[in-house]
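Colleague: Below are the structure tokens for one structure; questions will follow.
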Amino acid sequence: MTNLFVFDFHGTLVEGNNNATLESTNLSLERHKRKERATLDFCVKNEGKPWSDYFRELCPDAAEEEIKSMLEVALSFDDYVIPKHVRLVKNAINVLEKIKKYGDVIIVVSSTNKEAFKEYMKHIKIGHMIDEFIGITKEEETKGRYSIAEWKGKKIKEFIERGIFDRKFLIGNSVEDIKAGNIAGTNNFFFNPEGEKCSIAHHSIKDLKEILSLI
């Protein structure tokens, strides 16, 4: 009996990324001699979207070539901002260890490119417990303008079709994550430490450790 656990990354397994995104975005805007600046509220609102779409919203007059350059410069700060701001969510490591102890499969699906994900793994060191990371390509990150729920749902469904799983669970911190799980046919956990609930999720939890008592 093998179960599949699909985790979102930002805001689910790690926290602090919005602060990292804020700093990198504004450093890039400064480098491009732009007067526009992101705020933390802006980054929280747009969490999960392709990063290029942040710059499109902040600088609607920017040409696509400038958007591409803004993104490339922002990404160049990963090795500086990730260790500075990003940390594992409470109980994330314990939950992952117990899942692996049961012999189950863990995948992470995120609108993050693989190169950036490697930088996160250098810092938080959980890569050995993740069976597969499914992220966006650099081209997808640059083009942006796609539905996160549809993209994640499609990728999860494709992974499920490659194996045989008794039960399939998704854990995410946004409504888009839960919509993706509904597309893929998973049992969905909406994670929010403040206690916010999601009506379209099977479960709403405040702590990741609640997963293990509810499955």
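Colleague: Express the relative contact order of the chain as a whole percentage, based on alpha carbon pairs under 8 Å and six or more residues apart in sequence. Don't jump to the answer; show the numbers that get you there.
Modeller: On the way: 354 pairs, mean separation 55.2, N = 215.
Contact order relative to length: 26 percent.
Colleague: Which distance in Å, rounded to a whole number, links the C-alpha centroids of segment 192-215 and segment 82-127?
Modeller: 19
Colleague: Using Cβ contacts closer than 10 Å as the measure, can you line up Phe9, Phe190, Phe77 from fewest to most? Walk me through the numbers before you get to the answer.
Modeller: Numbers: Phe9 21, Phe190 24, Phe77 18.
Listed from fewest to most nearby Cβ atoms, that is Phe77, Phe9, Phe190.
Colleague: I've got another one for you. Based on the alpha-carbon set only, what is the convex hull volume of the chain divided per residue, in Å³?
Modeller: Details: hull volume 23.9 nm³, N = 215.
Enclosed volume per residue, from the Cα hull, is 111 Å³.
Colleague: If you rank Thr39, Thr142, Thr21 by fewest surrounding Cβ atoms within 10 Å, what's the result? Walk me through the numbers on the way to the answer.
Modeller: On the way: Thr39 12, Thr142 17, Thr21 24.
Starting with the residue having the fewest Cβ neighbours, the order is Thr39, Thr142, Thr21.
Colleague: Full extension from Glu64 to Glu139: what is 0.36 nm times the residue separation minus their Cα-Cα distance, to one decimal in nm?
Modeller: Numbers: separation 75, 0.36 × 75 = 27.00 nm, distance 1.27 nm.
That works out to 25.7 nm of additional length.
Colleague: Under a Cβ-Cβ cut-off of 9 Å, what is the net charge of the residues other than Gly185 that fall near it, where Lys and Arg count +1 and Asp and Glu count -1? Don't skip to the answer; put the middle values down first.
Modeller: Numbers: positive: Lys157, Lys168; negative: none.
Charge balance near Gly185 sits at +2.
Colleague: Mind checking the alpha-carbon convex hull of segment 112-210 and giving the volume per residue in Å³? Each step should come with its number before you reach the end.
Modeller: Numbers: hull volume 12.8 nm³, N = 99.
In segment 112-210, the Cα hull volume divided by residue count equals 130 Å³.
Colleague: Could you go through segment 150-167 in sequence order and give the Karplus-derived ³J(HN,Hα) for each residue, using 6.51 cos²θ - 1.76 cosθ + 1.60 with θ = phi - 60°, rounded to whole Hz, and x for Gly and Pro?
Modeller: 3J(HN,Hα) across segment 150-167, in whole Hz: 5, 5, 5, x, 5, 5, 5, 4, 4, 5, 4, 5, 7, x, 10, 10, 5, 9.
Colleague: Taking the number of other C-beta atoms within 10 Å as the exposure measure, put Ile200, Ile164 in order starting with the fewest.
Modeller: Ile164, Ile200
Colleague: All other residues with a Cβ under 9 Å from the Cβ of Ile171 taken together, and with Lys, Arg as +1 and Asp, Glu as -1, what is their net charge?
Modeller: Once all neighbours under 9 Å are counted, the net charge is -2.
Colleague: Here's a follow-up. Gain in length, Glu158 to Thr2, computed as 0.36 nm per residue apart minus the alpha-carbon separation, to one decimal in nm? Intermediate results must be reported in sequence, preceding the final value.
Modeller: Working: separation 156, 0.36 × 156 = 56.16 nm, distance 1.72 nm.
So the extension gain works out to 54.4 nm.
Colleague: Also, quick follow-up: Under the Karplus relation 6.51 cos²θ - 1.76 cosθ + 1.60, θ = phi - 60°, what is the ordered set of whole-Hz ³J(HN,Hα) values for segment 50-57, x standing for Gly and Pro?
Modeller: x, 4, 4, 5, 4, 5, 5, 6
Colleague: Any idea what the alpha-carbon Rg over 2.2 N^0.38 Å comes to for segment 17-85?
Modeller: On the way: Rg = 10.9 Å, N = 69, 2.2 N^0.38 = 11.0 Å.
Dividing the Cα Rg of segment 17-85 by 2.2 N^0.38 Å gives 0.99.
Colleague: Sequence neighbours fewer than 8 away in the same chain don't count; with that in mind, list the aspartates and glutamates whose C-alpha is under 20 Å from Lys206.
Modeller: Asp8, Glu15, Glu47, Glu97, Glu176, Asp177, Glu194, Glu196
Colleague: Could you work out how far helix 175-184 tilts from the main Cα principal axis of the chain, as a 0 to 90 degree angle to the nearest 10?
Modeller: 50
Rule-based calculations on the coordinates, nothing more; no lab input. Just so it is clear, the structure is predicted and the values come from calculations on it, not from any experiment. Ideal geometry is used to build each Cβ from the backbone, glycine not excepted, and the neighbour counts take in all protein chains shown.
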